[in-house]
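In what follows, a structure is listed as structure tokens, so that the remarks can point back to it.
The values are calculated or read from the model by the stated rules, or taken from the named source; none is laboratory data. Here the structure is a predicted model, which is why all the values come from computation and not from measurement. Cβ atoms come from the backbone with ideal geometry, glycine included; neighbour counts cover every protein chain shown. Heads up: the accessible areas ignore ligands, DNA and RNA and are worked out on the full protein's heavy atoms, side chains in. Shrake-Rupley method; radii C 1.70, N 1.55, O 1.52, S 1.80 Å.
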Amino acid sequence: MEETYLLNVEGVRKKILHGGQGELLKLQDGSKITFHFQTLKDDFERTVIDDSREAGIPMEIIVGKMFKLEIWETLLSSMRTGEVAEFWCDAIHTGMYALVSRGMRRIAEGRDPLEGQKHRCGMGNMFDYHSTGYDDLDELQRMPQPLIFIMELFRVEEPSAYKRDTWAMSKEEKLAAVPVLHSEGNRLVLRKEFAQAAAKYQEAVICLRNLQAKEKPWEEGWLKLERLVTPLVLNYCQCQLELGEYYEVLEHTTELLQKHKDNAKAYFKRAKAHAAVWNEREAREDFLRVAHLDPSMAAAVKKELKQLGERMRKKHVEDRKRYQGLFQPPRG
């Protein structure tokens, strides 16, 4: 089945290779489109530039999230589920393809798609970095040209029908997600599922940090978000203590204390992590800070210091025996 259509867009032609089912898609902001694609040069050999099937993972884009190749939303909106179509697009629509392809290839290679980029628009980055790192894409950058896209549409999911990645959420969605994630984390802690709980707390922190990045540090909006971040980080650290990830705890509590020097709970968790990795002096210093900052925790500090002393004495005895055995002359 091959029927050629002129879409209501200058410089685009469509050919249906295999018909789809149902009505034409009605896309809205936040809809997730899943599809396979193949990109070809408009030359005699129809040279293949990219093929998502080679990576083995379908492509996904979120409508309205400023995907750099805007024409793809237009092409996909003309398709039905299950349809396979070929689109010819003039160079006016394909100028950004080299940058889009570069990012997709880096992801497929397990690399950061933004590695080396400055915080500028895509066009600015194209001029800053004269090479994409791929010869065929460098050629497309130097000489923008018409391209052919062959697309197979699998499904379209409405915003409410799938779990949205943090980056795809609006500000309101992120703020609404935080208490839900916090509650889910607490529930998992009660079931002693600490790894899963830590993931929930971490996801909530990421939501808030993304919002914080748009605020001026230490101004009211930033501080309001920081007050929500702090207990989540502490809960995350408690989970990591339970999981034995002590250096993870040291990293996050130290970062927290650089901003909040009087947080007794952060000192307490850092002290426990220091104690677990035999940093006796640092553990004692942090425990004593806790007792000074929050006298209500003095009993807990006294108990921890007693346990620390006993563990260190036991370790010294074991070390002494071990070293004595090393230096004793062999019998006979």
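Kindly evaluate ALA271 against the criterion of being aliphatic (A, V, I, L, M) and under 28 Å from MET312 (Cα atoms). Against the criterion (aliphatic (A, V, I, L, M) and under 28 Å from MET312 (Cα atoms)), ALA271 qualifies.
Only one of the numbered conditions (1) within 21 Å of HIS316 (Cβ to Cβ); (2) crowded, with 21+ Cβ neighbours inside 10 Å is violated by LEU256, and that is (1). Output the residues belonging to the stretch 10-64 that are closer than 19 Å to HIS93 by Cβ, open to solvent by 20 Å² or more (accessible area, probe 1.4 Å) and modelled with pLDDT under 85. Of everything in the stretch 10-64, those that are closer than 19 Å to HIS93 by Cβ, open to solvent by 20 Å² or more (accessible area, probe 1.4 Å) and modelled with pLDDT under 85 turn out to be LEU27, GLY64. Could you identify the single residue in ALA271, ALA204, ALA199 that is open to solvent by less than 60 Å² (accessible area, probe 1.4 Å) and over 21 Å from the mean Cα position of the chain (by Cα)? One residue alone meets the criteria, ALA271. Residues that are touching a Pro at 6+ places or on another chain (Cβ under 7 Å) and open to solvent by 20 Å² or more (accessible area, probe 1.4 Å) within the stretch 65-95 comprise TRP88, ASP90, ALA91, GLY95, listed in sequence order.
Restricted to the stretch 276-297, and to residues there that are within 35 Å of the chain's Cα centre (by Cα) and not in a helix (DSSP H, G or I), the residue that is surrounded by the most Cβ atoms within 10 Å (Cβ to Cβ) is ASN279.
Residues that are open to solvent by 90 Å² or more (accessible area, probe 1.4 Å) and in a helix (DSSP H, G or I) within the stretch 207-225 comprise GLU220, LYS224, listed in sequence order. Between LEU241, LEU228, the distinction of being assigned by the TED database to the domain that holds GLU193, open to solvent by 60 Å² or more (accessible area, probe 1.4 Å) and within 20 Å of ASN186 (Cβ to Cβ) belongs to LEU228 only.
With respect to LYS315, is the statement that it is touching a residue at least 24 places away in the same chain (Cβ under 8 Å), open to solvent by 100 Å² or more (accessible area, probe 1.4 Å) and either assigned to a helix (DSSP H, G or I) or charged (D, E, K, R) (or both) true? When the stated conditions are applied, LYS315 does not pass them.
For every residue, the table says whether it meets (1) in contact with a Lys or Arg (Cβ under 8 Å, 6 or more places away or on another chain); (2) assigned to a strand (DSSP E or B); (3) at positive phi.
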residue: ASN8; (1), (2), (3): no, no, no
residue: LYS15; (1), (2), (3): no, yes, no
residue: LEU24; (1), (2), (3): yes, no, no
residue: GLN28; (1), (2), (3): no, no, no
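Residue pairs whose Cβ atoms lie under 9 Å apart, separated by 6 or more positions or on different chains, with the first residue in the stretch 263-280 and in contact (Cβ under 8 Å) with a residue 60 or more places away in the chain and the second surrounded by 24 or more Cβ atoms within 10 Å (Cβ to Cβ) and outside any helix (DSSP H, G or I), do not occur.
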